[in-house]
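Here is the structure we will look at, set down as structure tokens.
The values are calculated or read from the model by the stated rules, or taken from the named source; none is laboratory data. Being a predicted model, the structure only gives us computed values, none of them experimental. All Cβ positions, even for glycine, are placed from backbone atoms using ideal geometry, and neighbour counts span all protein chains on display. Please note that ligands, DNA and RNA were not included when accessible areas were found on the heavy atoms of the full protein model with its side chains. Shrake-Rupley method; radii C 1.70, N 1.55, O 1.52, S 1.80 Å.
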Amino acid sequence: MRLSCFLLICCCASATAVARAQSLFGEPAAPPLTLRLETDLHALTRDRGTERKDHPAALHFGGADTGTIAVKLKTRGIFRLKKCAFPPIRLDLPSHKVEGTPFAGEDRLKLVTHCQGDRLFERNLLREYALYRAFNTVTDSSFRVRLAHVTYVDSARHDTVTRYGFLIESEAALGRRISANPLAVDNLYDPIMDPSYMTMVAVFQYLIGNTDWSVYKRHNIAILQQLAEPKPLFAVPYDFDFSGAVNAPYATPPEQLSIQSVRQRVYRGFCQPDSVLAPVLARFRGAKDSMYAAVRAVPDLPERDARDVLEYFDDFYKVLDNRGSVNREFVRGCRTQPRPR
């Protein structure tokens, strides 16, 4: 009896946590949040060393629920931290004070920012957001995102800037939603991941023209292990700003790849039997309309940008519609599985 009660309490607590997270990330058509962050922006944006610190801030949120939360901000990222005038930010939320707010159940969240003042970079941000939404239509085992109008207020100089940004679901929240545990483990190879999911990720990265990822180095990849037997490993992708579909001005392909532009696609998945590859490609064929609709639905994404992203997607589907091209890109072009020692 005690065991059953304990399990019931755990299940209810888990369900509550998932429901809270879904209030922020659950509705694909949810309107952008309206947020205002007040902090010493000069000190925050200049904090780029190895010993970055927390910066106190006030997070104001509007809409149906209005209020203010005291939060801590920290700069984050790798390339964008070095190159962007306005780097990405991590929000550290006081979990005991977010009940009854849009952030209920959340703890730490990544905020993707506009990088530079030029509006081109805000358009790049919206294109990257669209790619997250596109992958959501392919699989639920993917990071959800929430668009936001963010006004940044420099408390020391009283300057303000308003730009789009978007929040990314945390690894912990993703794990709760898909019944998996995040793993902070490096040096895991793609072939030990769940083969169908890993192939799906590799095909998606090919679709968007992204080569800026590595399972082994956990670069732009989160590793999660499903709780149910046989406890497969999932390598969930994030950070798509170096993709050809975004085509950011700063994006360049890795030197080790023989391509001149991020718009050139390279399949980086490992070779799989047709029993794995064929269902994955069929899944992308079936998700085409939903993916295109997700891109078109991004608020304030200029028509020319939506058209450019979808025309880039069109080239991918031309490959899928041609058996010879499929063999060239995904069969002959795949990476050879390492031989067991």
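Remarks
- Members of segment 80-102 that are surrounded by fewer than 12 Cβ atoms within 10 Å (Cβ to Cβ) and outside any helix (DSSP H, G or I): Glu99, Gly100
- Qualifying residue in segment 122-133 (condition: out of contact with any helix residue (DSSP H, G or I) (no Cβ under 6 Å at 6 or more places or on another chain) and open to solvent by 30 Å² or more (accessible area, probe 1.4 Å)): no
- Flag if Leu277 is surrounded by 16 or more Cβ atoms within 10 Å (Cβ to Cβ) and either in contact with a helix residue (DSSP H, G or I) (Cβ under 6 Å, 6 or more places away or on another chain) or not in a strand (DSSP E or B) (or both): yes
- Residue within segment 318-328 that is more than 24 Å from the chain's Cα centre (by Cα), in contact (Cβ under 8 Å) with a residue 24 or more places away in the chain and loosely packed, with under 13 Cβ neighbours inside 10 Å present: no
- Filtering segment 30-74 to residues that are open to solvent by 30 Å² or more (accessible area, probe 1.4 Å), of a type in the set (S, T, N, Q) and either within 16 Å of Ala104 (Cβ to Cβ) or in a strand (DSSP E or B) (or both) leaves Thr34, Thr66, Thr68.
- One residue from Gly26, Gly77 being surrounded by 17 or more Cβ atoms within 10 Å (Cβ to Cβ) and at pLDDT below 90: Gly77
- Residue in segment 103-123 that is over 14 Å from the mean Cα position of the chain (by Cα), under 30 Å from Gly286 (Cα atoms) and either β-branched (Val, Ile, Thr) or assigned to a helix (DSSP H, G or I) (or both) present: yes
- Residue within segment 227-244 that is open to solvent by less than 60 Å² (accessible area, probe 1.4 Å), in contact with a Gly (Cβ under 8 Å, 6 or more places away or on another chain) and of a type outside the set (Phe, Trp, Tyr) present: yes
- Complete set of residues in segment 167-191 that are assigned to a helix (DSSP H, G or I) and either open to solvent by 40 Å² or more (accessible area, probe 1.4 Å) or in contact (Cβ under 8 Å) with a residue 60 or more places away in the chain (or both): Glu171, Ala172, Ala173, Leu174, Arg176, Arg177, Asp190, Pro191
- Residues (touching a Phe, Trp or Tyr at 6+ places or on another chain (Cβ under 8 Å) and in a loop (DSSP other than H, G, I, E, B)) located in segment 130-166: Thr139, Ser141, Ser142, Phe143, Arg144
- Taking segment 195-232 as the range and being at positive phi and touching a Phe, Trp or Tyr at 6+ places or on another chain (Cβ under 8 Å) as the test, the residues that pass are Gly209, Asn220.
- Within segment 247-261, the only residue that satisfies the criterion of being of a type in the set (A, V, I, L, M, F, W, C) and either open to solvent by 50 Å² or more (accessible area, probe 1.4 Å) or in contact with a Phe, Trp or Tyr (Cβ under 6 Å, 6 or more places away or on another chain) (or both) is Ala251.
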